[in-house]
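One structure below.
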Amino acid sequence: MTLETLFISATDSAIDCALYAKGMALTDHASEHDFNLHHVAAIGDGANDLPFMMLDNLGFIGCPANADASVKAAAKEKGGFESKYEVYLGFLDFLGQCARRNIKAVYTDRDGVLQNKGDFPGAFGFAQSLGSAGRDGNPLIYVLTGAGQAENRDFIKAVNSFFDLADNAEIRADPYIVLTENGGVRVSILDSEKSFNIVQQKNPTLFAKVLGPFRDSLVKRLESEIAPKFNLGVTYEYNNQKGNAYVATKQTMVTVNVPRAFADGRLYRNTPEAEAYRTAMKAAAADIAKSIGIQFKVLERE
């Protein structure tokens, strides 16, 4: 699939400017692995997961009990599965349904499905699921997340702390099952430092334009205009998001987080100020893309 458009979107936690979307990633990955979409399943919890969950011809979809109302409605519309369990137990419930339906591959979101706000109590169970993936009628499992490679190091470390996943011949043959940055960077589940960049391979010229002048201009606009307007600072440190807009380290996309809290500690993301900030950031991203000749599309929140 060729990459020609920059997708500008906002979630509760971030503003993303990406050339690769989760739906594109699933379609490309499934095609490369000769998976018939009728034998592929997807599970997510947020509206940003709908593009890959609602693909035509997908065999089965589902969501955990903690999913957004829009995701639950989409699952119901497509005859999918809504678990009565939250987060990882909901995933495990869904995985059992997939095995009974002859599903060959499951694509799952990470946050809100496998772990919750960084907590990963299901790490042992997920490691067990990966250990049996692709064997004895169990589907293969791929993690499709917007988080970057660095943000997945702890996740991968936790999964590997119980078993040697290389004992699974399917994983040994293709360990690149953590599809980070909406699938743009594929990371090895056996070694979080090993990865390859799909977006750069597909369109190196546009890739360089987005990660170069577009990113530079957006960060400059954030620092000089938007952050001061909203009484925010700007940080490049993930753990410093109180009163600060965090500029994430990404390899294929530009992500600026919505602050987690005001400087005084009050929660920020569900406030009118946060929504105005998201609107300002999306408008700035669109203006910059237009000014430097990047085709773009602003995605509205579900």
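The values are calculated or read from the model by the stated rules, or taken from the named source; none is laboratory data. Just so we're clear, the structure is a prediction, and the values are computed from it rather than from any experiment. Every residue, glycine among them, receives a Cβ derived from its backbone with ideal geometry; neighbour counts consider all protein chains shown.
Can you say whether A25 is crowded, with 19+ Cβ neighbours inside 10 Å, within 25 Å of F196 (Cβ to Cβ), under 13 Å from the mean Cα position of the chain (by Cα) and not assigned by TED's automatic domain parsing to the domain that holds A147, as far as the supplied structure shows? Judged against the criteria, A25 is not a match.
To keep it simple, each residue is scored yes or no on (1) closer than 22 Å to S291 by Cβ; (2) modelled with pLDDT of 95 or more; (3) surrounded by fewer than 19 Cβ atoms within 10 Å (Cβ to Cβ).
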| residue | (1), (2), (3) |
| --- | --- |
| R186 | no, yes, no |
| D191 | no, yes, yes |
| N197 | no, yes, yes |
| A208 | yes, yes, yes |
| F214 | yes, yes, no |
| R221 | yes, yes, yes |
| G233 | no, yes, yes |
| K242 | no, yes, yes |
| A261 | no, yes, yes |
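With respect to the stated conditions, D216 is closer than 27 Å to G183 by Cα and among the acidic types (D, E). Residues in segment 79-98 that are hydrophobic (A, V, I, L, M, F, W, C) and in contact with a Pro (Cβ under 9 Å, 6 or more places away or on another chain): V87, L89, F91, F94, L95, C98. Just so you know, in segment 163-179 the residues that are surrounded by 15 or more Cβ atoms within 10 Å (Cβ to Cβ) and either modelled with pLDDT under 95 or in contact with a strand residue (DSSP E or B) (Cβ under 8 Å, 6 or more places away or on another chain) (or both) include one that is farthest from R135 (Cα to Cα), and it is L179. Of the residues in segment 29-36, at least one is of a type in the set (A, V, I, L, M, F, W, C), in a loop (DSSP other than H, G, I, E, B), assigned by TED's automatic domain parsing to the domain that holds G137 and in contact (Cβ under 8 Å) with a residue 12 or more places away in the chain. When L179 is tested against (1) more than 15 Å from the chain's Cα centre (by Cα); (2) outside any loop (DSSP other than H, G, I, E, B); (3) hydrophobic (A, V, I, L, M, F, W, C), exactly one condition is not met: (1).
In the condition set (1) at positive phi; (2) in contact (Cβ under 8 Å) with a residue 24 or more places away in the chain, L92 is compliant with all but (1). Residues in segment 83-98 that are among the small types (G, A, S) and loosely packed, with under 15 Cβ neighbours inside 10 Å: G96 alone. So for segment 54-64 (the condition being more than 18 Å from G96 (Cα to Cα), modelled with pLDDT of 95 or more and in contact with a Phe, Trp or Tyr (Cβ under 9 Å, 6 or more places away or on another chain)), does at least one residue qualify? The answer is no; no qualifying residue exists.
Scanning segment 46-82 for residues that are surrounded by fewer than 17 Cβ atoms within 10 Å (Cβ to Cβ), touching a helix residue (DSSP H, G or I) at 6+ places or on another chain (Cβ under 7 Å) and not in a loop (DSSP other than H, G, I, E, B) turns up just one, S70.
You will find that of G96, G131, the residue that is touching a Phe, Trp or Tyr at 6+ places or on another chain (Cβ under 6 Å), assigned by TED's automatic domain parsing to the domain that holds E151 and under 20 Å from V159 (Cβ atoms) is G131 and no other.
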